[in-house]
Amino acid sequence: METLNMIKSRRAIRKYSGQITDEQLKKILMAANAAPVSLGSYDEYRLTVIQDPKVLAQIGGTYDAPTFIVVSAQNLGSSQYVSSGAIVHNMELAAQDQGLGSNYNMGSMRSVPTEVLPDGFSAVFGLTVGQTTEKFTPREIPMDRIKINIVK
Ligand SMILES: Cc1cc2nc3c(=O)[nH]c(=O)nc-3n(C[C@H](O)[C@H](O)[C@H](O)COP(=O)(O)O)c2cc1C
């Protein structure tokens, strides 16, 4: 999808109609690895892909998504939060590019079972993903949703 159309079409998808393929997952994980992170410290982050229905059932607020990808980090500070946002956003766009439904998720971080995360890492931000029947069409984006001041 052309980049600006893709950005205008992006929206939270919370209805999923099936599991993603391993090939689709691979492209999403590639996009995560292509994300910028503070100081280029990629080893401070981990990606945990949760597809086990028993584990997913323990996590609230994921809208029955068949896949939940959790970004976790060490030494949590503002850089780790912002970088995790960039990682998740890259994954969101890669999901959308493949016609998949996905959504950002911060609300479920506290219910991610610690035993599925690597030792010493805390869940920061996640992406729910699945097949969807929803269509992506460019939206009219109001220019004042985020107030702007230009200094020049
Ligand atoms: C940092 C962040 C955290 C979010 N956490 C959640 C969440 O826990 N659950 C949820 O359903 N949506 C979550 N969202 C999605 C937002 O609610 C959604 O992107 C916003 O309402 C705008 O809607 P749109 O994405 O359809 O344009 C989150 C988005 C961001 C950026």
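Tabulated data for the structure shown
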item: The stretch 94-111 - residue that is without any contact (Cβ under 8 Å) to a residue 60 or more places away in the chain and either near the ligand (Cβ under 10 Å from one of its atoms) or in a loop (DSSP other than H, G, I, E, B) (or both) and, of those, farthest from THR62 (Cα to Cα); result: GLY99
item: Any hit, the stretch 85-93, residues being surrounded by 15 or more Cβ atoms within 10 Å (Cβ to Cβ), farther than 17 Å from GLU23 by Cα and in contact with a Pro (Cβ under 7 Å, 6 or more places away or on another chain); result: yes
item: The one condition in (1) in a strand (DSSP E or B); (2) in contact with a Phe, Trp or Tyr (Cβ under 8 Å, 6 or more places away or on another chain); (3) of a type in the set (A, V, I, L, M) that ALA123 fails to fulfil; result: (2)
item: Qualifying positions in the stretch 1-53 - part of a helix (DSSP H, G or I), under 18 Å from THR128 (Cβ atoms) and among the hydrophobic types (A, V, I, L, M, F, W, C); result: LEU25, ILE28, LEU29, ALA31, ALA32
item: Filter pass, TYR63 being over 17 Å from LYS27 (Cβ atoms) and touching a Lys or Arg at 6+ places or on another chain (Cβ under 8 Å); result: yes
item: Any hit, the stretch 100-120, residues being over 16 Å from the mean Cα position of the chain (by Cα) and on the phi > 0 side of the Ramachandran plot; result: yes
item: Residue in the stretch 76-93 that is nearest to the chain's Cα centre (by Cα), counting only those that are more than 10 Å from the ligand (Cβ to nearest atom) and of a type outside the set (A, V, I, L, M); result: ASN90
item: Among residues of the stretch 54-90, those that are among the hydrophobic types (A, V, I, L, M, F, W, C) and assigned to a helix (DSSP H, G or I), counted; result: 6
item: Filter result for the condition that a residue is touching a residue at least 40 places away in the same chain (Cβ under 8 Å) and within 11 Å of the ligand (Cβ to nearest atom), over GLY126, GLY120, GLY130; result: GLY126
item: Qualifying residue in the stretch 21-43 (condition: under 13 Å from the mean Cα position of the chain (by Cα), within 16 Å of the ligand (Cβ to nearest atom), surrounded by 15 or more Cβ atoms within 10 Å (Cβ to Cβ) and among the β-branched types (Val, Ile, Thr)); result: no
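Read-outs throughout are calculated quantities, based only on the coordinates presented, and are distinct from any laboratory measurement. Quantities reported herein were computed from a predicted structural model and do not represent experimental measurements. Neighbour counts run over all protein chains shown; Cβ positions are idealised from the backbone, glycine included.
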